[in-house]
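Working notes, beginning with the structure itself.
The values are calculated or read from the model by the stated rules, or taken from the named source; none is laboratory data. None of these values were measured; they are calculated from a predicted model. Positions of Cβ are generated from backbone atoms using ideal geometry, with glycine treated the same way; all protein chains shown enter the neighbour counts. Ligands, DNA and RNA are excluded from the accessible area calculation, which covers all protein heavy atoms including side chains. Shrake-Rupley method; radii C 1.70, N 1.55, O 1.52, S 1.80 Å.
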Amino acid sequence: MGHLGIGVLASGRGSNFQSIIDAVERGYLRVTLRVLITDNPAAFAIERAKNHGIEHLVMRPKQFASREDYFERIAAEMKRREVGLVVLAGFMRIVGKPLINAFPGRIMNIHPALLPSFPGLHGQRQALDYGVKISGCTVHFVDEGMDTGPVIIQAAVPVRDDDTEDSLSARILAFEHKIYPEAIRLFSEGRLSVAGRRVVVKGEDIEGVGLTHPPAGP
Ligand code: GAR
């Protein structure tokens, strides 16, 4: 252990990518970040990769003959670099079959809602519009559906009456930055197994789960 190679796919700001970089640099994660692949040449994630000496590739779908071809090539670039886990960090596309088939049970995603509620885009806005009182974030394995794969870790946050999309997103993001490195660590230590839809975690309790505000007594 200790040499799990990670390949990151990101489309934008890359704050989750940064939380993973930071976790590696402070020794919490004993993995190697081998490559960032982005579909967006303007992604700030690229700056983060440069700042930390991580190779990056810009691969835009329109450069490829088809969606299949695109994900085939992404898989090939990951394989070439001996990536053992693909981490989606704000990658705003549905992953194509060739990548899923190349990394069975070895692709993770983070989503800013408590799945299966509010999949797809704008999970935080969907939660506000629906009027739920609790939302949060989910790290899950990726399957062919949209945000449908087995759940690894979730964290819950309260939704406040005066929340805006921005304020709720910020509250959730703080927990994304905590549970994503945690999920990757569990994977890298060989402590995750999937039984049907359930991800079983070996060893001590994980930290990410649970409400952030335990109920006060009467
Ligand atoms: C994060 O909130 C992530 O959960 C979300 O995009 C944001 C990316 O931020 N992902 C999705 O909505 C996927 N459907 P980041 O680029 O700063 O990590």
Worksheet item: Are any residues in the range 126-135 crowded, with 17+ Cβ neighbours inside 10 Å and either in contact (Cβ under 8 Å) with a residue 60 or more places away in the chain or touching a helix residue (DSSP H, G or I) at 6+ places or on another chain (Cβ under 8 Å) (or both), and if so, which ones?
Response: Ala127, Leu128, Ser135
Worksheet item: Does Ile54 satisfy the condition of being surrounded by 19 or more Cβ atoms within 10 Å (Cβ to Cβ) and touching a His at 6+ places or on another chain (Cβ under 8 Å)?
Response: no
Discussion item. For the range 21-38: of the residues being surrounded by fewer than 16 Cβ atoms within 10 Å (Cβ to Cβ) and of a type outside the set (Phe, Trp, Tyr), which is farthest from Gly84 (Cα to Cα)?
Written reply: Arg26
Worksheet item: Which one is farthest from the ligand (Cβ to nearest atom), of the residues in the range 148-167 that are within 30 Å of Gly96 (Cα to Cα) and open to solvent by less than 30 Å² (accessible area, probe 1.4 Å)?
Response: Pro150
Practice prompt. May I ask you to list pairs of residues, at least six apart or on different chains, whose Cβ atoms are under 8 Å apart, with the first in the range 159-185 being within 29 Å of Leu29 (Cβ to Cβ) and the second being hydrophobic (A, V, I, L, M, F, W, C) and in a helix (DSSP H, G or I)?
Written response: Leu168/Ala127; Leu168/Leu128; Tyr180/Ile20; Pro181/Ile20; Pro181/Ala23; Ile184/Ile20; Ile184/Ala23; Arg185/Ala23
Discussion item. Can you confirm whether Leu115 is within 21 Å of Val194 (Cβ to Cβ) and assigned to a loop (DSSP other than H, G, I, E, B)?
Written reply: yes
Discussion item. For the list (1) within 22 Å of Pro119 (Cβ to Cβ); (2) away from the ligand (no atom under 16 Å from the Cβ); (3) β-branched (Val, Ile, Thr), I need the number of the one condition that Val83 fails.
Written reply: (1)
Discussion item. Looking at Ala65, Ala42 in this structure, which one is assigned to a loop (DSSP other than H, G, I, E, B), open to solvent by 30 Å² or more (accessible area, probe 1.4 Å), within 13 Å of the ligand (Cβ to nearest atom) and modelled with pLDDT of 95 or more?
Written reply: Ala42
Discussion item. Looking at the range 5-39 only, could you name the residues that are under 15 Å from Glu55 (Cα atoms), in contact with a Ser or Thr (Cβ under 8 Å, 6 or more places away or on another chain) and either within 8 Å of the ligand (Cβ to nearest atom) or not β-branched (Val, Ile, Thr) (or both)?
Written reply: Gly5, Leu9, Ala10, Asp39
Practice prompt. Residue by residue through the range 145-188, note down the ones that are assigned to a loop (DSSP other than H, G, I, E, B) and touching a strand residue (DSSP E or B) at 6+ places or on another chain (Cβ under 9 Å).
Written response: Asp147, Thr148, Gly149, Pro150, Val159
